[in-house]
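For reference, the structure discussed in these notes is given below.
Just so it is clear, none of the values below were taken in a lab; they were calculated from the coordinates. As the structure is a computational prediction, the values presented were derived from the model and not from experiment. Positions of Cβ are generated from backbone atoms using ideal geometry, with glycine treated the same way; all protein chains shown enter the neighbour counts.
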Amino acid sequence: MTTLLFPGSFDPFTRGHRDIARRAARICDKLYVAVMHNDSKKHYFAPDDRVFMVEESLKAIDNVEVIKYDGLLVDLYKKIQCNAVVRGIRSESDFRYEAEMALANRLLYPEYDVMLLPCRDDLSLISSSIVKEVGLYGGDISKMVPSEIYGFVSDKLKKGRE
């Protein structure tokens, strides 16, 4: 059985994240999407809200399980006995960052492996940071987040403006 792990903070979950998850789910038996805590980021959405967004966006895909995890990625990797981590890359700087992280994780766990999936061109400029910035200023984020969570994300960002 092939098991992949797609980790991220998903603050919020974007159409780009959904595209990577869909593509990864097609090439494995089981895809875990892990909502992670990242101390280097200031999260806008609560962990349970982020899990909700991912679950709603991916509910049509049978082989996906959404989990919440706060700890080292390699520890989760070992715990679920996955074959590889899936990461989406939008740019050369993403590639460099992901390559460095893969090497660091391999130092902690030599069996660690990563699969980098390039983002679709039409989604390459969407990031969670851009969604938050546009949404907090009242802009239209309907083309940036999955339709299943558009109202939820818009309402939360709208409350942040008040």
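Structure values in brief
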| quantity | calculated |
| --- | --- |
| DSSP bridge orientation in segment 3-123 - percent antiparallel, rounded to nearest 5 | 0 percent |
| Label-point separation in nm, residue 117 to residue 97, each point 7 Å along Cα→Cβ | 1.8 nm |
| Sparse-neighbourhood loop sites, trypsin sites (Lys or Arg not before Pro) in segment 78-154 - DSSP loop, at most 16 other Cβ within 10 angstrom | 120, 143 |
| Added length on full extension, which subtracts the Cα-Cα distance from 0.36 nm per residue, residue 109 to residue 147 | 9.9 nm |
| Proximal charge balance of residue 35 [Cβ under 11 Å; K/R count +1, D/E count -1] | -3 |
| Column: log10 I(q)/I(0), Debye, Cα scatterers of segment 94-162, q = 0.22, 0.27 Å⁻¹ | -0.88, -1.12 |
| Qualifying GluC sites (Glu not before Pro) in segment 22-112, DSSP loop, other Cβ atoms within 10 Å at most 14 | 111 |
| Equivalent ellipsoid semi-axes, segment 49-108, via Cα gyration tensor eigenvalues times 5, rooted, Å | 23, 17, 11 |
| The chain: radius of gyration and largest Cα-Cα distance (Dmax), Å | 15.4, 48 |
| Segment residue 75-residue 26, length gained on full extension (0.36 nm per residue, minus Cα span) | 15.2 nm |
